[in-house]
1. Does residue 11 fit the bill of being modelled with pLDDT of 90 or more and of a type outside the set (Lys, Arg)?
2. Among 35, 26, 57, 14, which is the only one that is touching a Lys or Arg at 6+ places or on another chain (Cβ under 8 Å) and without any contact (Cβ under 8 Å) to a residue 60 or more places away in the chain?
3. Considering only residues that are surrounded by 12 or more Cβ atoms within 10 Å (Cβ to Cβ) and either within 14 Å of residue 53 (Cβ to Cβ) or more than 10 Å from the chain's Cα centre (by Cα) (or both), which ones fall in region 22-40?
4. Might you let me know whether region 43-62 holds any residue that is in a strand (DSSP E or B), at pLDDT 90 or above and either hydroxyl-bearing (Ser, Thr, Tyr) or in contact with a helix residue (DSSP H, G or I) (Cβ under 8 Å, 6 or more places away or on another chain) (or both)?
5. Which one of these does residue 47 not meet: (1) surrounded by fewer than 16 Cβ atoms within 10 Å (Cβ to Cβ); (2) in contact (Cβ under 8 Å) with a residue 40 or more places away in the chain?
6. Exactly one of these conditions fails for residue 18: (1) of a type outside the set (Asp, Glu); (2) modelled with pLDDT under 90; (3) buried (at least 16 other Cβ atoms within 10 Å of the Cβ). Give me its number.
Amino acid sequence: MSGVHLRRRVTKNGEIRWMCVYRVGGRYGRIRSAGTFPTQKLARARAELVWAEIAAGHARQSMTADVYSHVVLEPGDLEPVAWEET
């Protein structure tokens, strides 16, 4: 079961925002944010990226949303990423 989920929020202005949250380390792991997005499509794209990071073993307990702050996804950018082993 994936540790990545989307949450729907309504702002004070009445706008709908989508939060991408994840948890590493199972039930006792802290819930962390991977960003907030105006559309569900963009939030799903980020969720897929986070899920791929967790599945590849690149995610750690100390991982924060700052890791993903530089990633800007557009619809259609969800192609597989080749990871280099170091």
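The values are calculated or read from the model by the stated rules, or taken from the named source; none is laboratory data. This structure is a prediction, so every number in the text was calculated from the model and none was measured. A quick note on method: Cβ atoms are made from the backbone with ideal geometry, for glycine too, and the neighbour counts reach across all protein chains shown.
1. Numbers: modelled with pLDDT of 90 or more: yes; of a type outside the set (Lys, Arg): yes.
Against the criterion (modelled with pLDDT of 90 or more and of a type outside the set (Lys, Arg)), residue 11 qualifies.
2. Details: 26 fails: touching a Lys or Arg at 6+ places or on another chain (Cβ under 8 Å); 57 fails: touching a Lys or Arg at 6+ places or on another chain (Cβ under 8 Å); 14 fails: touching a Lys or Arg at 6+ places or on another chain (Cβ under 8 Å).
Just one listed residue meets the conditions, 35.
3. 22, 23, 24, 29, 32, 34, 35, 37, 39, 40 - these are the residues of region 22-40 that are surrounded by 12 or more Cβ atoms within 10 Å (Cβ to Cβ) and either within 14 Å of residue 53 (Cβ to Cβ) or more than 10 Å from the chain's Cα centre (by Cα) (or both).
4. no
5. (1)
6. The single condition residue 18 does not satisfy is (2).
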